[in-house]
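Here, each number is a calculation from the coordinates, and none is a lab measurement. It should be emphasised that the depicted structure is a prediction, and the values quoted were computed from it without experimental measurement. Here the Cβ positions follow ideal geometry from the backbone for every residue, glycine too, while neighbour counts run over all protein chains shown.
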Ligand SMILES: [Zn+2]
C-alpha cells in the first residue's frame, strides 16, 4: 500500500465486487475495500483499519475503474442523431464524410456547437466515460464545460492543410491552404501550453492534425516532432474511408498506414482514428500488412465501432488487430457517445467478423476501454483501481432488472447493463454523478438546447450540400407522414 497523503478527505468504498488492478491486469476482488484520499486511490484490499471521513456503501454494487473514450467530436456528434442513419452513397462506399457531414456542419452555428458540448457532458457521464479525448475547434469552451461537469479530458483543437468536398456527388476533390494548416498547428500548440494541467490536472491537451488525406507531409512531420518533444498524444484520422484509401494509393502508391510509416509519423504517442480500410481488408482489396507496421511502431488505434457498423462496414477484425499486437482502444466518434454501447458493439461485431465467439471478449473490450487507453496516454495512474491511481471510479447497481442474475460482473456490464445501472461516478476523488444523475450538468436545459440546435441545423443543411438538397431529401423520413 502506498500512501501519498494529499491532505484531502479520506473516503472508504465498500464494494461487493471490485474490479481491481494487480499483477499487470484487472482482477475480481470480492467484498473489497477501496480507500480514496484527495484525488487518489491510496489503498485496495480485503480490509482497511485506518480512520476515514466518510464511507460509501457499495456492498450491493460493482466498483470499476472509469472508462477512457479516445475519440470524440463533442461540438458536432450529438446532431448526427435522427439525421445520418440509414443513408449513404454507393459512390462514397457509404461513408458519411463527403455528403452528410458537410451539410450538417454548414447548418450549425456557434450556439449549436456549444449546446452540443454542454449536452455531451451529461451523456458521457451517464454512460461511464471519465476521461474523454475531444477533437474539435472549441477547445476553450470545451475546457470550461469539462471543468464545470467534473470530467477528465484531453482536448485538441484540430487543424489541416486542406479540406475535401464533392462538386457533383461522384468524386472527392481537395481544396488546399497550407498556410491555414500551419497557423492551425501553431494555435493548437499555444492552446495546449495554455490549458495543460488546469482543473487540478484534469485537463490536458494533445495534437490532432485532422485526416491523413487532408494534411501535407510537412504538417504531419511538424506535428510528430511537436508531439515527441511535448510528450502529448498525436491523433490522426487514418484509413477511415475507401475513397481516402484509394486517394492515398493514387498519390503515393502506398496505403495510408504505409505512407505514415514512410514519413516517420508512426510511434507510441499515436492514437489513429479508425484504421478500418487497411491493406488486406475487403473494402480495400489491396495487398500489404498495415497491422504489422502499426504494431512495430507501438501505435494505438481508436476503434469507433458504431460509426462504421451503422453503415454496414466493420473492422476485419477487432480480435485480429489485437492478435497482430496493435494497442486497441475504444472511442465513440458519433452519437450515441456511450462507452457501454462501444464496448458491447465492439465485442459482438468482433465475434461476427472473426466467426469465433471465444474471441473479442468482455475482457478484451474492457481492457481496451481502460488499460490500453492509459498505456497510449502514458498514464499508469488511469484506467485502474490501484494505489497511486487517480480516483476515477464507477459504481454499478448489481440487483437491477437488467443486471440480475449476476455471476460475472464484467459480462453483465458489457452485454447487459443500461445507463440506469450506472449509479455513481467519481472523478479525481469527487462525486460528479449520483443516483444516476450528473450533479453539475443541467440535463433538462442541455437537452432542450440540443433539440433547438437540431431544429436550426435541419432547416439549414441545403447550404452545405453540393446539390442544395433539403433535410427530407438528404435524410428521408423513416415512414411517410399521415394523410387526412
Ligand atoms: Zn473522428
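The Rg/Rh ratio for the range 372-457, using Cα coordinates for both the radius of gyration and the Kirkwood hydrodynamic radius, is 1.07.
Between residue 408 and residue 200, residue separation times 0.36 nm minus the direct Cα-Cα distance comes to 71.3 nm.
What residues of the range 136-176 lie in the reach of a label at residue 445, counting those whose backbone N is under 16 Å from a point 7 Å from the Cα along Cα→Cβ? Counting only backbone N, you get 144-150.
How far, in degrees from 0 to 90, does helix 242-252 lean away from the longest principal axis of the Cα atoms of the chain, to the nearest 10? The two axes meet at around 70 degrees. Classify the range 297-419 as rounded, prolate or oblate from the Cα gyration tensor: take a ≥ b ≥ c as the square roots of its eigenvalues, call it rounded if a/c is under 1.5, otherwise prolate when a/b beats b/c and oblate if not. It comes out oblate by the Cα gyration axes.
Counting only C-alpha contacts under 8 Å and six or more residues apart, can you give the relative contact order of the chain as a whole percent?
Working: 1078 pairs, mean separation 99.7, N = 484.
Relative CO of the chain lands at 21 percent.
To the nearest 0.05, how large is the calculated FRET efficiency for residue 262 and residue 484 if R₀ is 56 Å and r is the Cβ-Cβ distance? It would help to have the intermediate numbers written out before the result.
Details: r = 64 Å, r/R0 = 1.14.
Efficiency at R0 = 56 Å is approximately 0.30.
Of the beta bridges in the chain, as assigned by DSSP with both residues counted there, near 50 percent are antiparallel.
Do you know the relative contact order of the range 161-269, to the nearest whole percent, from alpha carbon pairs under 8 angstrom that are 6+ apart?
Numbers: 127 pairs, mean separation 22.7, N = 109.
Answer for the range 161-269 is 21 percent.
Residue 435 to residue 221: FRET efficiency via 1/(1 + (r/R0)^6), r the Cβ-Cβ distance, R0 35 Å, to the nearest 0.05?
Numbers: r = 50 Å, r/R0 = 1.43.
For residue 435 and residue 221, the calculated efficiency is 0.10.
Hey, what's the Kirkwood Rh for the range 1-114 if you take every pair of different alpha carbons, in angstrom?
On the way: mean 1/r = 0.0548 Å⁻¹.
Radius from the Kirkwood sum: 18.2 Å.
In the chain, the longest principal axis of the Cα atoms and the axis of helix 339-354 are about 60 degrees apart. When its C-alpha radius of gyration is set against 2.2 N^0.38 Å (N residues), the chain gives a value of 0.96.
Rounded to the nearest 500, what is the 222 nm mean residue ellipticity of the chain from helices alone, with -39500 (n - 2.57) per DSSP H run of 4+ residues and division by all residues?
Values: 16 runs with 157 residues, N = 484.
Computed ellipticity for the chain at 222 nm equals -9500 deg cm²/dmol.
Find the relative contact order for the range 420-462 and round it to a whole percent, using C-alpha pairs within less than 8 Å whose residues are 6+ positions apart. Let's see the in-between values first.
On the way: 24 pairs, mean separation 9.7, N = 43.
Once normalised by length, the contact order is 22 percent.
For the range 193-235, the C-alpha radius of gyration sits at 1.30 times the compact-globule guess of 2.2 N^0.38 Å, with N the residue count.
Give me 471, 263 ranked fewest to most by other Cβ atoms within 10 Å of their Cβ, as a rough exposure proxy.
Working: 471 20, 263 15.
So the ranking, lowest neighbour count to highest, is 263, 471.
With semi-axes defined as the square roots of five times the eigenvalues of the C-alpha gyration tensor, the equivalent ellipsoid of the range 170-216 measures 30, 12, 6 Å, largest first.
Extending 7 Å from the Cα toward the beta-carbon at both residue 174 and residue 229 defines two label points whose distance is 2.6 nm.
For residue 183 and residue 323, a Förster radius of 56 Å and the Cβ-Cβ distance give a FRET efficiency of 0.85, rounded to the nearest 0.05. So how tilted is helix 178-195 from the main axis of the chain? Cα-based, degrees 0 to 90, rounded to 10. Approximately 10 degrees, to the nearest 10.
Dividing the Cα radius of gyration of the range 235-275 by 2.2 N^0.38 Å, with N the residue count, gives 1.10.
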